[in-house]
1. Just need a number here: residues in region 176-187 that are surrounded by fewer than 21 Cβ atoms within 10 Å (Cβ to Cβ) and assigned to a helix (DSSP H, G or I).
2. Does region 85-112 hold any residues that are in contact (Cβ under 8 Å) with a residue 24 or more places away in the chain, in a helix (DSSP H, G or I) and surrounded by fewer than 16 Cβ atoms within 10 Å (Cβ to Cβ), and which are they?
3. Has region 61-69 got any residue that is in contact with a strand residue (DSSP E or B) (Cβ under 9 Å, 6 or more places away or on another chain), at pLDDT below 85 and assigned to a strand (DSSP E or B)?
4. Which of the following residues is buried (at least 16 other Cβ atoms within 10 Å of the Cβ), more than 26 Å from residue 235 (Cβ to Cβ) and in contact with a helix residue (DSSP H, G or I) (Cβ under 7 Å, 6 or more places away or on another chain): 377, 342?
5. Looking at region 198-225, which of its residues are modelled with pLDDT of 80 or more and within 17 Å of residue 406 (Cα to Cα)?
6. Between a first residue in region 9-38 that is without any contact (Cβ under 8 Å) to a residue 24 or more places away in the chain and at positive phi and a second residue that is surrounded by 14 or more Cβ atoms within 10 Å (Cβ to Cβ) and not in a helix (DSSP H, G or I), which pairs have beta carbons less than 8 Å apart while being 6 or more apart in sequence or on different chains?
7. Buried (at least 17 other Cβ atoms within 10 Å of the Cβ), without any contact (Cβ under 8 Å) to a residue 12 or more places away in the chain and either under 27 Å from residue 73 (Cβ atoms) or touching a helix residue (DSSP H, G or I) at 6+ places or on another chain (Cβ under 6 Å) (or both): is that true of residue 172 in this structure?
8. For residues that are in contact with a helix residue (DSSP H, G or I) (Cβ under 8 Å, 6 or more places away or on another chain) and in a helix (DSSP H, G or I), scanning just region 144-161, find the one that is modelled with the lowest pLDDT.
């Protein structure tokens, strides 16, 4: 890895892409410090990072921008939600499905639809955030939204909503510029930068605990060891794959013989990535938002139910784990079609040793994918709830949870692979030399 980092600065094109990506990240971090007008910084900043609620969930993915009520408070979350929705609708709406099969031109149309949907979704979320902060809950009423002399309430509302929406659209644009002129996936890089910016504060807290000595130092050392072990496990599982052997029959075309090769179909253990965790987190965050909006009394049955569905509670962890497994199966079933794979193998005279082409190949691939998906889903569920289990024992909010570690490691590995492939292309001499 260090050799790759050293050599990539020797290539002018790759060096320009790297510096361009760094510049975009700096712009994103600067935008994460510009406050939104008419919002009280101190009230929201004291609330978000200290509690396991809806605000702390958003703040973890925005790199602290939401707790500072900046123009990038919503960060890239509307675009991620929009991309997921459009991707799922592609398999259900014939018009979008035809666009997806048109190649580059069709993908441009889908990207354009995704942008419009992102802006609409950002506007809806901005209005929801404003109504929540304005007075949906008695603990927020007239504390976060502040007024100035000569400025009416509707003017401040328009400014706040427009700032949130424009900030989300600008972050989306920054991510697309990284795709065009930078390195890596732009949206993933922006998310990576936001999550990683919380790292120094987390390590500073660990250092303070170690410096205090006694029980806190032991807890800090154990947290570092768990973090290292989880990182190693995630890297191992991310690169793990089940290889299904494939043998192609020999065939004669003219005077040449083709085929007769032995290869394999790689089936990743973590095929869905972090998507199931994002789906489950977004769904359960809705209940936390309900509690903040309606301010239900904990003595009522509805209030008690919302209390048990708060982040870190036992019922929340169990439902979270089950939903991750369910969403993992759903996402894999949408992305991978055993029937299509079996038909492609038959067209190319490929067979799985010991398995007949056609229905038996489809059945065999279905069983293999189902087993691999189950193991990957258990792994995702374990990584997602492990920070909650640790938090219950050490009685502290772990900002860098399993989901964020998965995202950081996944983006880092994908970016390094892209850099390595670029370097191989530059050093490839070709058949003319």
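The values are calculated or read from the model by the stated rules, or taken from the named source; none is laboratory data. This structure is a prediction, so every number in the text was calculated from the model and none was measured. Please note: Cβ atoms are built from the backbone with ideal geometry, for glycine as well, and neighbour counts cover all protein chains shown.
1. 6
2. Within region 85-112, 85, 88 meet the criteria.
3. no
4. 342
5. Listed by number, the residues that qualify are 224, 225.
6. The qualifying pairs do not exist here.
7. No, not satisfied.
8. 157
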